[in-house]
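Before anything else, here's the structure in question.
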């Protein structure tokens, strides 16, 4: 896929080389370092795709709000008095100040401290001092807090936004086959999943696309995470039967494979793993006294979902990527992770733990505990991922000579758990959106296609 | 104000905390682990819920004795890639205050700046320590050690892969 000819790429090398015939896939490393490419990504990807903003459980009641940055913009996620969730751009429509300067809370109105303009939780102007000073042309409704022009939409309580003024793709169409795996994750709950207290806000000195790759990478587990797996074994947590079955069982090996879900999304999994699941796969590390409770939870799930679905939801896990910057890893716990490129070589990451709203205290504590054994900046695994990606970014200083990364693993064979098909799905969508002189649609890329 | 059956002075608590800091900065990790009671906890709460409980909020670190022992074993090995080569740390501890003395249990708070120096980057971790100490002979053992960060986020720090 050549990138020559438009938008100043006439003299640039091919950024993505996709040679299915030979089974070679190469990505030019300037995509990780070049500020011009980042500028184009912001325009072609972040301002066109559906981007994760937050979770319905973060704003339960009318007036509830959280503030954060989404796709590089400061926003207020606000539940209105009409019970509808809106994402409001957090900039006063007077002269620009951040209106809501608290992280979260409940407010009847949001007041800008600068000149006192106030807004409702729906974003309308509630009042402003000296309102008689304006001409008839001044329209309060036009001065309401702005919203993402391409829409706000939720799927299974995950709130997404779209900044493309001419967006014509619904969230459901965009999510394609990834919906099925969001469903499996969310089916842990009889009702709704909820974001649990405590946010992991961190960073990496690396390009955000490295974290997409890393989050759905099976190949790195044995080496990057050796110390985690050694801990798992030494803590007697290692379910040797499961480990053995993963290695030798053709069914588990078939399950632990990358699957292309359409529109750039992909999953690795879902398969049984040795680290247990809070709902509801018991392992010895959890303690013998807990086993009856796990049996009870599993039986209830079978009653609710049927045998096959209960097995899928309770006993298996997977690493899911929603293009371009959302990871939902439902593994030893359940994490939602999103990230944004501040610079080509620096990203900001936010991660949460989610769990069933009806989860009992003992299982909730276990969910959180199982999370931090692996995940998060203090766990036994994520810090080594941070190290790996930062090491790659430092390595990219050689980009003039060492130009291409190789992402060819598994192109000429049926997908294995340690192959790179899921990354190629990402890169093919990336190239599709970045290369075209005419903007390609963010949707319409079928699932299950590509090697 | 300490209400004590035995008097605990700030001097001896500071000495203990400074000694602990030296063990950590010098990566004398086994000796540091020896400062803990057999049932103990090492906690780093999330930046947005500093007074949280690890059973209901997602912490960065919540180690019991067994996990803390493993953490130390890992750091002594070669496979904590995030600490290979090791961070150099230099911690400054101040504002040491004895908050409560009940029998042999002493609760102490102090302020910390832990500089992490690695790969030509310096990161400052700023916060307060909350130690629960148990009198042990002429010294103390740590039954609970909480490192509460004042940072809004681990940016640009990225991780807490060393012992904070």
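Do we find a residue being within 12 Å of chain B (Cβ to nearest Cβ), surrounded by fewer than 23 Cβ atoms within 10 Å (Cβ to Cβ) and more than 22 Å from residue B:42 (Cβ to Cβ) anywhere in segment A:365-383?
no
Among the residues of segment B:55-87, write down those that are more than 7 Å from chain A (Cβ to nearest Cβ), under 23 Å from residue A:387 (Cβ atoms) and in a helix (DSSP H, G or I).
Once the filter is applied, which keeps residues that are more than 7 Å from chain A (Cβ to nearest Cβ), under 23 Å from residue A:387 (Cβ atoms) and in a helix (DSSP H, G or I), segment B:55-87 yields B:67, B:68, B:69, B:71, B:72, B:73, B:75, B:76, B:83.
Then there is this: Scan segment A:343-362 for residues that are part of a strand (DSSP E or B), over 18 Å from residue A:313 (Cα atoms) and within 9 Å of another protein chain (Cβ to nearest Cβ) and jot them down.
Matches in segment A:343-362: A:346, A:348, A:349, A:350, A:351, A:352.
A quick yes/no check of all residues on (1) closer than 22 Å to residue A:193 by Cβ; (2) in a strand (DSSP E or B); (3) out of contact with any helix residue (DSSP H, G or I) (no Cβ under 8 Å at 6 or more places or on another chain):
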site: A:39; (1), (2), (3): no, no, yes
site: A:48; (1), (2), (3): no, no, no
site: A:75; (1), (2), (3): yes, yes, yes
site: A:81; (1), (2), (3): no, no, yes
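Among the listed residues B:8, B:49, which satisfies the condition of being part of a loop (DSSP other than H, G, I, E, B) and at pLDDT below 95?
Details: B:49 fails: at pLDDT below 95.
Criteria check complete, one pass: B:8.
Okay, next question. Which residue, of A:151, A:218, is without any contact (Cβ under 8 Å) to a residue 24 or more places away in the chain, in contact with a helix residue (DSSP H, G or I) (Cβ under 9 Å, 6 or more places away or on another chain) and away from every other protein chain (no Cβ under 14 Å)?
Values: A:218 fails: without any contact (Cβ under 8 Å) to a residue 24 or more places away in the chain.
Sole residue among the options that is without any contact (Cβ under 8 Å) to a residue 24 or more places away in the chain, in contact with a helix residue (DSSP H, G or I) (Cβ under 9 Å, 6 or more places away or on another chain) and away from every other protein chain (no Cβ under 14 Å): A:151.
Just give me the residues in segment B:60-79 being under 25 Å from residue A:352 (Cβ atoms) and touching a residue at least 40 places away in the same chain (Cβ under 8 Å), in sequence order. Break it down stepwise before answering.
Taking segment B:60-79 as the starting set, the residues that turn out to be under 25 Å from residue A:352 (Cβ atoms) are B:60-64, B:67, B:71.
Scanning segment B:60-79 gives B:60, B:61, B:71.
For segment A:435-451, enumerate the residues that are in contact (Cβ under 8 Å) with a residue 60 or more places away in the chain, more than 25 Å from residue A:181 (Cα to Cα) and loosely packed, with under 12 Cβ neighbours inside 10 Å. Can you show your working first?
Narrowing segment A:435-451 to residues in contact (Cβ under 8 Å) with a residue 60 or more places away in the chain: A:435, A:437, A:439, A:441-451.
Checking which are more than 25 Å from residue A:181 (Cα to Cα) leaves us with A:435, A:437, A:439.
Within segment A:435-451, just A:437 meets the criteria.
May I pose another question? Check A:348, A:357 and return the single one that is surrounded by fewer than 21 Cβ atoms within 10 Å (Cβ to Cβ) and under 21 Å from residue A:423 (Cα atoms). Spell out the reasoning first.
Values: A:357 fails: under 21 Å from residue A:423 (Cα atoms).
Among A:348, A:357, only A:348 is surrounded by fewer than 21 Cβ atoms within 10 Å (Cβ to Cβ) and under 21 Å from residue A:423 (Cα atoms).
OK, next. Tally up the residues in segment B:131-163 that are facing another protein chain (nearest Cβ under 8 Å), in contact (Cβ under 8 Å) with a residue 40 or more places away in the chain and not in a strand (DSSP E or B), please.
Start the filter on segment B:131-163 by keeping residues that are facing another protein chain (nearest Cβ under 8 Å), which leaves B:152-161.
Applying the additional criterion that residues be in contact (Cβ under 8 Å) with a residue 40 or more places away in the chain yields B:152-154, B:157, B:159-161.
From what is left, the residues that are not in a strand (DSSP E or B) are B:152-153, B:157, B:159-161.
Selection size over segment B:131-163: 6.
Quick one: residue A:25 ticks every box in (1) at pLDDT 95 or above; (2) in a loop (DSSP other than H, G, I, E, B); (3) farther than 26 Å from residue A:348 by Cβ bar one, so which box is it?
Failing condition for residue A:25: (2).
What pairs can you find where one residue is in segment B:36-54 and facing another protein chain (nearest Cβ under 8 Å) and surrounded by fewer than 19 Cβ atoms within 10 Å (Cβ to Cβ), the other is assigned to a strand (DSSP E or B) and modelled with pLDDT of 95 or more, and their Cβ atoms are less than 8 Å apart, with a gap of 6+ or different chains?
From segment B:36-54, the pairs are B:48/A:201.
Determine which member of the set A:316, A:334 is more than 24 Å from residue A:428 (Cα to Cα) and within 13 Å of another protein chain (Cβ to nearest Cβ). Working first, answer last.
Working: A:316 fails: within 13 Å of another protein chain (Cβ to nearest Cβ).
Result of the check over A:316, A:334: A:334.
Further question: Looking at B:107, B:118, B:99, B:128 in this structure, which one is within 14 Å of chain A (Cβ to nearest Cβ), modelled with pLDDT of 95 or more and either in contact with a strand residue (DSSP E or B) (Cβ under 8 Å, 6 or more places away or on another chain) or surrounded by 20 or more Cβ atoms within 10 Å (Cβ to Cβ) (or both)? Walk me through how you get there before you give the answer.
Working: B:107 fails: within 14 Å of chain A (Cβ to nearest Cβ); B:99 fails: within 14 Å of chain A (Cβ to nearest Cβ); B:128 fails: within 14 Å of chain A (Cβ to nearest Cβ).
Only one candidate passes the filter, namely B:118.
When residue A:71 is evaluated against the numbered criteria (1) over 21 Å from the mean Cα position of the chain (by Cα); (2) at positive phi; (3) at pLDDT 95 or above, which criterion, by number, is the only one it fails?
(1)
Output yes when any residue across segment B:5-27 is surrounded by 16 or more Cβ atoms within 10 Å (Cβ to Cβ), closer than 26 Å to residue A:376 by Cα and over 12 Å from the mean Cα position of the chain (by Cα), and no when none is.
Yes, that holds for at least one residue.
Moving on. For segment A:154-183, name all the residues that are in a loop (DSSP other than H, G, I, E, B) and out of contact with any helix residue (DSSP H, G or I) (no Cβ under 9 Å at 6 or more places or on another chain).
A:164, A:165, A:166, A:167, A:168, A:169, A:170, A:176, A:177
Here are the criteria: (1) touching a helix residue (DSSP H, G or I) at 6+ places or on another chain (Cβ under 6 Å); (2) under 16 Å from residue A:214 (Cα atoms); (3) in a loop (DSSP other than H, G, I, E, B). Tell me which single one residue A:387 does not satisfy.
Against the list (1) touching a helix residue (DSSP H, G or I) at 6+ places or on another chain (Cβ under 6 Å); (2) under 16 Å from residue A:214 (Cα atoms); (3) in a loop (DSSP other than H, G, I, E, B), residue A:387 comes up short only on (3).
The values are calculated or read from the model by the stated rules, or taken from the named source; none is laboratory data. This is a predicted model, so every value here is computed, not measured. As a convention, Cβ positions derive from the backbone with ideal geometry for all residues, glycine included, and neighbour counts pool all protein chains shown.
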